[in-house]
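In what follows, a structure is listed as structure tokens, so that the remarks can point back to it.
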Amino acid sequence: MSVTILVVSDLHLADGQQPFEGFTAEQQRAWEELLQAASPGGVFGEGRGEDTVELVINGDCFDFLATAPFLHARSRTVAQALEKLERLIATHQPFFEALARFLRQPGRRVTFVPGNHDIELLLPAVQQRLRQAIGWPASSEERLRFWPCPRYQPLPTVAIEHGNLYDFWNHRSAGLWTAAGEPLPPAEEILLSAGSWYYQEAGALIHQRFPYFDHLEPSLSYPRQMALLSLFAPELLREVVVNLVGLISHPYQPLAGLRAGEEGVALRLFEAAMQDLAAFQQDMARQKSDWQPVPGWDEQQATRALMAEYQLLREALAQASGPAASERTLLETVGRIFGNPTAGPVDGTGTGMCALLQREPHLRYALAGHTHSWRVQPLSDGRRCYLNTGTWTRRLARPAPEEMTPAMLAWLRSPGWPPTPATSPLREVTQYTFALLQAPDDGTQVTASLCAWESQPQPGYRVLATAPA
């Protein structure tokens, strides 16, 4: 007998409304093919019925933030969560039917690990409704599980976390888990993370107007997003800043540094907005009593990288802020904003997961999602490895400076969504990534690979990278 574990993350099922839906017909087709391949006789493992195959959905399977009704609240009640969940279930019946077919096969299991977009999975009422949607009774809980802790260890040498606990903005543990990660008694209301507050007050507005901001590979930092807004939609940037400083715990005047007539000057608006966003972040840090710095994170290096990026963006915007800025100058400015990221430390999720491997040497593999970018990073000893399973949502190649044309600029200013090859100048780089873990049933000699499921020319998977054995 053998054990096969498939790990996916960040599917972002919503209620079907564009541009917020992350799981469309293309993802559903790949999903059904993957689960069929994990059934007896499929391509994973030996294909014998007595083999165990577990599907781990590692956070942000469901996107409660991107599902109507859109709320402006710092916490999520059971009633609010269930209202959103009903919309999710009604939109994605085939998703739940595919899970039900998978679970009816012998030796098949599904484990949900909570993420920051579906922290509502910790609510018993939400779990019960999802069991009903899948058609799987609570009496068979060992086959369909909702993991109550941030870390899941399906094998002695494997740790799986969504990864948001190492992200200042999306970290939230107060009221959910003890300092050791043990679950606290379920509450009737969950306090959301500061990142969720940001999304409700600003992120959703930006996503609706410029959805590609959240779908670029490599990702677009918040300073770069603010720089683009100062050029493309200054009125939206002003609205975002006003909304965010409204969350500050003391009276704060937004955009107080602007003089009369500077509201539409890109450079000045960007500078004032970044000053207010820095004040917002400082206040959030004071409000976050449960945050602890990520072990191994170099704050000085991060600050230097941020300041270097800020200076680069200021210089780029200065070119386009004059009254006689030409179209060529604007193209150069936008090209610089989209240009290669400044050098900086790795993300907090990667830093945290690597630190976990260092602290607990019995672990061989640490897996996360959250960042939406797949990754395989062996540690220096060559024996342990961090893997990130990326996302199944749409990913678009970030435009290079030399690709900045008038047609590209026109689309970036007013993007059609969803993009198609006929309507979008951005190249699609979406991949249905997952981790494949295999071991004998005693959990020894685990092998790990990061793979991508492909439907064409025929259904199957491609190995992107193999972790050290």
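The values are calculated or read from the model by the stated rules, or taken from the named source; none is laboratory data. Since the model is a prediction, treat every value here as computed from it, not as a measurement. Cβ coordinates were reconstructed from backbone atoms using ideal geometry, including for glycine residues, and neighbour counts include every protein chain displayed.
Let me confirm something: among A435, A448, which residue is assigned by TED's automatic domain parsing to the domain that holds L35, modelled with pLDDT of 95 or more and under 21 Å from the mean Cα position of the chain (by Cα)?
A435
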Would you check if T4 is surrounded by fewer than 21 Cβ atoms within 10 Å (Cβ to Cβ) and within 14 Å of V110 (Cα to Cα)? yes
Among (1) among the basic types (K, R); (2) surrounded by fewer than 17 Cβ atoms within 10 Å (Cβ to Cβ); (3) part of a helix (DSSP H, G or I), the one test that R259 misses: (3)
Considering the stretch 2-16, residues that are among the small types (G, A, S) and at pLDDT 95 or above, and then whichever is farthest from the chain's Cα centre (by Cα), we arrive at G16
For the stretch 282-298, which positions are within 22 Å of the chain's Cα centre (by Cα), in a helix (DSSP H, G or I) and at pLDDT below 95? A285
Return only the number of the condition from (1) in the same structural domain as A435 (by TED's automatic domain parsing); (2) of a type outside the set (G, A, S); (3) in contact with a Gly (Cβ under 6 Å, 6 or more places away or on another chain) that M404 does not satisfy. (1)
Residue ID - surrounded by the fewest Cβ atoms within 10 Å (Cβ to Cβ), chosen from residues in the stretch 160-217 that are among the polar types (S, T, N, Q) and within 14 Å of H372 (Cβ to Cβ): N170
On the given criteria, is R383 at pLDDT 95 or above and surrounded by fewer than 23 Cβ atoms within 10 Å (Cβ to Cβ)? no
Just to be sure before I move on: is A273 aliphatic (A, V, I, L, M) and either touching a residue at least 60 places away in the same chain (Cβ under 8 Å) or over 22 Å from L412 (Cα atoms) (or both) in the structure I sent? no
